[in-house]
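Asks: Below you will find the structure I want to go over with you.
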Amino acid sequence: MPYTYNWTQWLFLFYFYSFVGWIWETSFCSIKNRKFENRGFMRGPFLPIYGFGVITMMLSTCMFRGNLPLVFISGMIGATILEYFTGALMEALFKVRYWDYSDKPLNLNGHICLFSSLGWGLASIIVDRLLEGPADIMVSRIPERGLVIMTDVLTMIIFADFALSFKAAIDLRHILESMERARENVLREMAEARNDAREMISNVAEKAADSIEKAKDNALREASNYRKRMDVVAAVADDEAHKRKEEITAKLDKWKKDMEEKFPVRDYFIRGQIYSNNVVSRKYAESLKELSDRITSVIPEKLRNKHGEDE
């Protein structure tokens with residue numbers, strides 16, 4: 001039968017299942033990796049994808065309650081669609097993936113996979129048979145005024161957390177984009193330096209060949225002289241390329257320092273985006289790895305441990 005919850009009750013249930021989802025995923029990942037991991041896009045104990053997922057499952061299975069096969073199938077389909085579009089939207093917006101099933105069989109663009117979909121179907125049965133009844137009793141027994149106050153407080157806390165986490169995710173995207181542009185500039189300048197060196201050597205070689213043709217009587221002597229000149233030019237070109245490389249490296253180091261000042265890796269929320277979610281990026285994979293290594297190298301042990309880093 002259809003639900004008769006008002007907006008406050010629906011919102012409270014969304015927060016409740018977001019909290020239950022956080023407990024489940026944090027516990028699972030912490031046990032799996034043998035260290036505490038505060039999972040989720042936000043820093044607080046809430047995973048909105050689970051809140052939306054359960055609400056979606058409730059709405060998609062409400063007509064089939066009591067029929068486990070249909071509850072399983074309808075909940076699986078509804079939650080899988082939600083997971084796919086949520087993952088695609090977050091990657092398009094933040095340029096990183098907060099979950100990635102690319103290495104799992106039967107996945108679609110890495111956003112969903114058969115194993116995950118089956119998990120959503122099983123979760124639909126668990127919610128239908130184990131959680132929904134107690135949650136319904138809890139919501140119905142909380143006085144309306146108390147429920148409104150609790151929901152308002154949770155809304156303020158979660159909204160503030162989400163806003164800070166959203167800003168951190170956007171900052172992380174800007175960092176990765178800037179790192180990638182700097183990387184491309186370095187590679188381009190190094191390629192130009194190599195081309196300049198090759199061009200210098202090629203010009204000398206052409207002049208040597210012309211001179212040998214013009215001075216056949218002194219060909220061996222001229223060739224020897226030009227070979228010596230080519231060696232000198234090659235050494236000069238190599239030295240010039242080395243200097244260019246040092247200049248480029250210095251520019252990159254200065255850029256990294258500027259980026260650290262603009263987006264300090266000490267920022268709790270930026271660290272959380274990387275540590276807690278094990279984010280991946282197809283487009284900025286090298287830059288993300290470099291940033292992760294840099295964060296690891298500067299964060300004190302006590303702070304690292306807060307994000308589940310084992311020493």
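Taken together, the values in this text are just the output of simple stated rules run on the coordinates, not laboratory data. Every value quoted in this text rests on a predicted model; they were computed, and no experiment measured them. Here the Cβ positions follow ideal geometry from the backbone for every residue, glycine too, while neighbour counts run over all protein chains shown.
Asks: Counting other C-beta atoms within 10 Å, which of VAL54, VAL139, VAL148, VAL71 has the fewest, and how do the rest follow? Walk me through the numbers before you get to the answer.
Replies: Numbers: VAL54 27, VAL139 17, VAL148 14, VAL71 23.
If I rank by nearby Cβ atoms, fewest first, I get VAL148, VAL139, VAL71, VAL54.
Asks: Just add up the charged neighbours of VAL54: K/R +1, D/E -1, any other residue whose Cβ is under 14 Å from the Cβ of VAL54.
Replies: On the way: positive: ARG129; negative: GLU25, GLU83, ASP128, GLU132, ASP136.
Around VAL54, the surrounding residues sum to -4.
Asks: Also, I was wondering about something else. Let's test the formula: R0 of 41 Å, r as the Cβ-Cβ distance of MET63 and LYS289. What FRET efficiency results, to the nearest 0.05? Present the calculation step by step, with values, prior to reporting the outcome.
Replies: On the way: r = 47 Å, r/R0 = 1.15.
After rounding to 0.05, the efficiency reads 0.30.
Asks: Still on this structure, I have one more. Are any of the pairs LYS254/LYS289; LYS243/LYS283; LYS95/LYS245 more than 23 Å apart by Cα-Cα distance, and if so, which?
Replies: On the way: LYS254/LYS289 19 Å; LYS243/LYS283 31 Å; LYS95/LYS245 30 Å.
Too far apart for the 23 Å limit: LYS243/LYS283; LYS95/LYS245.
Asks: Would you please classify the overall shape of the stretch 1-92 from the alpha carbon gyration tensor, given that a ≥ b ≥ c denote the square roots of the eigenvalues, rounded means a/c under 1.5, and beyond that prolate means a/b larger than b/c while oblate covers the rest? Could the numbers behind the result be given before it?
Replies: Numbers: a/c = 1.76, a/b = 1.59, b/c = 1.11.
Prolate shape, in that a/c is at least 1.5 and a/b is the bigger ratio.
Asks: Using a 10 Å cut-off around each Cβ, can you sort PHE94, PHE115 from fewest to most neighbouring Cβ atoms? Working shown, then result.
Replies: Working: PHE94 20, PHE115 12.
Ranked by crowding around the Cβ, least crowded first: PHE115, PHE94.
Asks: Starting at the first residue of the stretch 53-67, write each ³J(HN,Hα) from the Karplus equation 6.51 cos²θ - 1.76 cosθ + 1.60 with θ = phi - 60°, in whole Hz, x for Gly and Pro.
Replies: Once θ is set to phi - 60°, the couplings for the stretch 53-67 become x, 5, 4, 4, 5, 4, 6, 7, 10, 4, 7, 10, 4, x, 9 Hz.
Asks: Another one. Report the full-extension gain for the segment PHE115 to LEU131: residue separation times 0.36 nm, less the Cα-Cα distance, to one decimal in nm. Each step should come with its number before you reach the end.
Replies: On the way: separation 16, 0.36 × 16 = 5.76 nm, distance 2.20 nm.
Stretched out fully, the PHE115 to LEU131 stretch lengthens by 3.6 nm.
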